[in-house]
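So the structure is just underneath, and the comments pick up after that.
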Amino acid sequence: MRFQKVPAEDLGQVHAVAISRPTRAKFITLYDLYLILVCGLIKIADQWPFLRLRGVFAHAAAFAAFQLARRRRRIREQRLSQTLQFTGRQIRNIVKQSFDDFWHDMFFSLSPSGNRRAGQVRGELQGLEHVQEALEKGRGVILWESSFFGRRVAAKRILDENGLSVSQIHNEYHIGGFRNSHSWISKHLIQPFFESCEKPFVREIIYLTRSDSLAFTRVLAERLKHNGIICVSADGRGGHKIIPIDFLGRTDSFSTGMVSLAKLSGATILSLFCIQQNGGQACVIIEPPIRVDTEGDRERCLEKAVVQYASLLESYIKKYPEQYRNWHQLGELEARPHSISA
Amino acid sequence: MKLEIEKRIKQLLVSELKVNRTVIDASSPNAPLLGRGIGLDSVETMALVVSLEEEFGIYVPDAQLTVDLFASIGSLTDYVVDALLERTNVSVNPDGRS
């Protein structure tokens, strides 16, 4: 089944739902200068027609980052050794690969010009039938992705290539996986840059602002009512209600909002993972639907659904540990004896 | 009227959102609705609003759909009471004359 594509002029719409409270922010920070450099390098790489040269560039950036980020390397190695049964050498290799993977993603997935490069290998999509079956029910689809695992922009490109136009949900400070300094430069220069890399492949971007407004819930419900596809992070730390889950040997937090949205709207939740395979090709895998119980204890129903996702994510991370980008911040919550196991 | 509305809100929490009846019965009017206390998430608050709109014939505009509205069962009850009174005033004096 080929899906109706959104007309090109409607692609890449950006919506900000609710109004932020005005805050005093710096004009620019040192971290912004680093990000400006990154954006500049991505833009230069975007213009290069030779993928092999781009690969050399990515390796060089990964090498420099690996050498400079000693503290982060150390924390990643520590967390990996606590979580996975690998030798010290294997762990060091995984950490090194994680830097490589990140910078390859930056230089190969992000294209501010929206170029679909000639010679670029078309990504693979597995599990399209789950989306088709869900859309046939007419209640919309919620695609759950991870904020910290896999290639998010590449995933949207692959979905778009397969006729799937999604409404992408981000928190208002999202800038392609980097930390937001909340400066003027970050808001007016850096964030728009990363937004331009994703906009060509999505129907719209909906930013959830950190104001007190809950009006965004109506927007999301409206999209699903029209049998739309919304794509949202399952392991971001936003949300008014988060629950602790045992995850990779620690306690991490997951929000329940999308489970409630699925329960109330009848939408299907599908887990989406975008991995980098050997050979450089990105592959999007859409797993079978998350089971959402509508009867029984409410809290338990929410937890069961979230645990299904956490369990899936954990299995992917254990298989591709170098593609997980949150080892250094894993498990910020204290472990609690009553937390639910993935 | 206020007590009746509060009672109805509690009934909707149980019937529409499947909140545990014992949690509701044990909650005071000051019990928070969002996150803590009753423990709704943002989507459930929207569902509650939809139920209230249908039940009482009111409309909650986006500008008023805020965290403050769900500070407690009491705050939500007050909102509904005010909305109903405003609707009554409008229907009695549609052109603003006393």
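Every number in this text was worked out from the coordinates using simple rules, so none of it is lab data. Just so we're clear, the structure is a prediction, and the values are computed from it rather than from any experiment. Please note: Cβ atoms are built from the backbone with ideal geometry, for glycine as well, and neighbour counts cover all protein chains shown.
Observations
- Taking every alpha-carbon pair under 8 Å whose residues sit at least 6 apart, chain A reaches a relative contact order of 26 percent.
- Euclidean distance of C-alpha centroids, region A:167-190 and region A:218-246, integer Å: 19 Å
- Averaged over the residues of peptide A:211-220, the number of Cβ atoms from other protein chains lying within 10 Å of each residue's Cβ is 6.
- Average beta-carbon neighbours from other chains, 10 Å sphere, peptide B:34-42: 6
- Average Cα contact separation per residue, region A:207-283, under 8 Å, 6 or more apart, as relative contact order %: 19 percent
- For A:LYS199, the lysines whose Cα falls under 26 Å of its own Cα, not counting residues fewer than eight places away in the same chain, are A:LYS5, A:LYS43, A:LYS156, A:LYS187, A:LYS225.
- When only alpha carbons of chain A are considered, Rg and Dmax amount to 19.6, 57 Å.
- Take each peptide in A:142-152, A:246-256, count the other Cβ atoms within 10 Å of every residue, and average; sorted highest first, the result is A:142-152, A:246-256.
- Per residue of peptide A:245-258, the mean number of Cβ atoms on other chains within 10 Å of the residue Cβ is 1.
- Working ranking of peptides A:55-65, A:213-223 by packing, defined as the average number of other Cβ atoms within 10 Å per residue, highest first, is A:213-223, A:55-65.
- The label point for B:LEU85 and the one for B:VAL23, both projected 7 Å from the Cα toward the Cβ, are 3.1 nm apart.
- Modelled FRET efficiency - R0 35 Å, A:ALA25 with B:ALA63, Cβ distances, 0.05 increments: 0.90
- Long hydrophobic helices in chain A, taken as whole DSSP H segments with a C-alpha length of 30 Å or more on their own axis and mean Kyte-Doolittle hydropathy at least -1.0: A:88-109, A:298-319.
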